[in-house]
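**Student:** Encoded as structure tokens, here's the structure I'll be asking about.
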Amino acid sequence: MATTTTETLEFPSAKWFQALADAADTDAERYRQLGMVECTLVLQVGDAAYRLTFEGFGCTGVSDWDGSEEGVDCHVSASAEDWRELIEHIQARGRADIHHTLNSLVLAGERFHLTGDEQLGIDTFYRYNATFQAFIEEAAKIPTRFG
């Protein structure tokens with residue numbers, strides 16, 4: 001079973017997102033209650049992008065993404081500064097308030113943007129957004145240095 005890291009990790013990095021996946025693994029029951037997920041999600045932080053594969057009840061893969069791989073369902077992008085604000089908000093409070101959820105930020109469409117190659121892929125973001133929100137809130141457990 002994975003454990004939450006005590007090492008300070010740089011954000012953004014694949015290692016940081018993998019630490020979220022490892023932290024989520026320690027709370028498997030929470031993710032079972034949220035339901036099964038089948039989605040490949042790209043999170044873009046400024047110029048850096050990360051491919052996260054969700055299968056079953058968790059995140060099964062994290063990698064840097066250069067845009068060349070196919071099979072991505074949806075893509076959430078924002079500036080590094082906006083992601084930092086979100087992560088710092090979660091770390092200060094333990095979770096996001098209603099104004100700092102991925103869903104509310106994407107719906108506002110001002111700083112966070114949701115795209116995809118087809119509507120069904122984009123719809124997976126909304127179908128699984130409770131899981132994605134729980135996943136990003138694992139940031140509360142990750143000592144973070146912003147790069």
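**Student:** Along the charge dipole of the chain, Cβ charges K/R +1 and D/E -1, which of Ala78, Ala96, Leu20 sits furthest on the positive end?
**Tutor:** So the residue furthest toward the plus end is Ala96.
**Student:** Taking R0 as 35 Å, what's the FRET efficiency between Arg32 and Ser104 from their Cβ-Cβ distance, rounded to 0.05?
**Tutor:** Between Arg32 and Ser104 the formula returns 0.90.
**Student:** Measure off 7 Å from each Cα along the Cα-to-Cβ vector at Arg95 and Phe146, then give the distance between these two points in nanometres to one decimal.
**Tutor:** Spacing of the two 7 Å Cα→Cβ label points: 2.4 nm.
**Student:** Expressed as a rounded percentage, what relative contact order does the chain have, with Cα pairs under 8 Å and six or more residues apart?
**Tutor:** In percent, rounded to a whole number, it is 30.
**Student:** Which whole-angstrom value gives the distance between the alpha carbon centres of segment 10-58 and segment 63-82?
**Tutor:** A separation of 13 Å, based on Cα centres.
**Student:** Still on this structure: Using helices alone, I'd like the mean residue ellipticity at 222 nm for the chain: each DSSP H run of four-plus residues gives -39500 (n - 2.57), total over residue count, nearest 500.
**Tutor:** Only helices count here, giving -11000 deg cm²/dmol.
**Student:** Can I ask one more? With the crude spin-label approximation of a point 7 Å out along Cα→Cβ, what separation in nm comes out for Ala80 versus Asp123?
**Tutor:** Distance between label points: 3.7 nm.
Each reported figure results from applying straightforward, stated rules to the coordinates on display, with no laboratory input. Note that this is a predicted model, so its numbers are computed, not measured. Cβ atoms come from the backbone with ideal geometry, glycine included; neighbour counts cover every protein chain shown.
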